[in-house]
Amino acid sequence: MSERRDELASRLSTVRRELREAAVDVGRAPEEITLIVVTKNFPVSDAVILYELGERNFGENRDNEGSEKSAVIPPDLHWHFQGQVQSKKIKSIAGWAEVVHSLDSLDHAEKFNKFEPRDFFIQVSTEPGALHRGGVPLASVRDFYSELQRFENLRIRGLMVVPPLESNPGEVFSQVAAEARELGLADLSMGMSGDFREAIRAGATHIRVGSSILGSRQPPA
Ligand SMILES: *Cc1c(COP(=O)(O)O)cnc(C)c1O
């Protein structure tokens with residue numbers, strides 16, 4: 001157990017240092033970047049250790065894992081949902097997730113609007129054509145955002161993206177950052193273990209980091 005603690009502490013301090021360095025490199029204050037530790041597929045004991053190491057933002061992709069873990073760890077932290085939203089899970093997600101990073105459907109927006117106000121990111125897709133990984137095509141984000149204005153319980157903070165596999169992440173991040181600027185949206189949820197430094201250089205305010213801190217994921221049971 002304490003071996004695991006040492007391992008997590010050491011990986012976490014590396015990520016914190018890389019975050020700081022990437023920010024300072026481009027003249028940004030490291031404090032304006034929120035590190036979300038993605039604990040998906042890892043036990044709640046890991047989340048507890050990371051909590052003890054000072055982390056206060058955790059991310060999950062699946063409702064069941066998020067609701068289980070959030071029930072165990074002390075409440076003075078922020079839970080983020082970044083997985084694909086399923087209509088039938090919205091009520092449950094609304095019970096534990098303070099921030100939803102993966103809004104891409106008006107139908108889901110309408111359902112979330114029935115619960116308490118919370119923060120959202122619009123997930124955008126830069127994949128030409130298909131929508132298979134979720135997200136509103138970049139070209140439609142402006143219309144989608146204006147449609148969302150009628151939902152008073154949705155605080156739209158910014159845009160979120162996962163770069164397509166064969167893309168140049170730096171280019172995707174800059175494109176999405178430019179779109180957010182045009183829309184007057186302040187926040188950008190982008191950057192994972194492999195590309196968070198580039199995301200920070202492009203203006204990310206929220207990075208979602210899993211395997212660099214927790215190790216490679218076991219397949220879900
Ligand atoms: C799993 C996941 C992450 C974290 O990915 P790592 O590569 O493990 O850092 C971030 N964002 C989303 C949407 C994810 O699904």
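The values are calculated or read from the model by the stated rules, or taken from the named source; none is laboratory data. Everything quoted here is computed from the prediction, not taken from an experiment. Positions of Cβ are generated from backbone atoms using ideal geometry, with glycine treated the same way; all protein chains shown enter the neighbour counts. These accessible areas exclude ligands, DNA and RNA; they are computed on the full protein's heavy atoms, side chains included. Shrake-Rupley method; radii C 1.70, N 1.55, O 1.52, S 1.80 Å.
Below are the figures for this structure:
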| quantity | calculated |
| --- | --- |
| The chain - percent of accessible surface contributed by carbon and sulfur, probe 1.4 Å | 48 percent |
| Cα-projected label distance for residue 116 with residue 48, points at 7 Å along beta-carbon direction, nm | 2.5 nm |
| Fully extended contour minus Cα-Cα distance, from residue 143 to residue 11, at 0.36 nm per residue | 43.4 nm |
| If the convex hull is drawn through the Cα atoms of the stretch 119-203, its volume per residue in Å³ | 93 Å³ |
| Net dipole in debye of the stretch 2-214 [+1 Lys, Arg Cβ; -1 Asp, Glu Cβ; about Cα centre; nearest 20] | 260 debye |
| Average accessible surface area per residue within the chain, 1.4 Å rolling probe, Å² | 48 Å² |
| Net charge, residue 143 excluded, C-beta distance under 14 Å - Lys, Arg +1, Asp, Glu -1 | -2 |
| Over the stretch 44-174, volume per residue of the alpha carbon convex hull, in Å³ | 125 Å³ |
| Within a Gaussian network of the chain (alpha carbon springs, distance under 10 Å), most fluctuating of 108, 80, 206 | 108 |
| Candidates 176, 48, 162: whichever shows maximal mean-square fluctuation once the chain is modelled as a Gaussian network with Cα springs under 10 Å | 48 |
| Residue among 60, 147, 98 with the largest mean-square fluctuation in a Gaussian network model of the chain, springs linking Cα atoms under 10 Å | 147 |
| Stretch gain in nm, segment residue 56-residue 181, where the contour uses 0.36 nm per residue and the Cα spacing is subtracted | 42.3 nm |
| Amide H contacts of residue 78 (H built 1.01 Å from N, under 5 Å, at least 5 apart or other chain) | 57, 58 |
| Signed unit charges on C-beta, dipole axis of the stretch 2-214, positive-most listed residue 12, 92, 200 | 92 |
| Stokes-Einstein D in µm²/s, Kirkwood radius over Cα pairs - the chain at 20 °C with 1.002 mPa s viscosity | 121 µm²/s |
| In the chain, lysine pairs closer than 19 Å at Cα, eight or more apart or cross-chain | 10 |
| Net charge over other residues, Cβ less than 11 angstrom from the Cβ of residue 68 (K, R count +1; D, E count -1) | -1 |
| Approximate spin-label separation residue 168-residue 31, in nm, with each point projected 7 Å along Cα-to-Cβ | 3.5 nm |
| 192, 160, ranked by accessible area, largest first (probe 1.4 Å) | 192, 160 |
| ³J(HN,Hα) computed for each position of the stretch 16-31 - Karplus, 6.51 cos²θ - 1.76 cosθ + 1.60, integer Hz, glycine/proline x | 4, 5, 5, 4, 4, 5, 5, 5, 4, 3, 10, x, 9, 7, x, 5 |
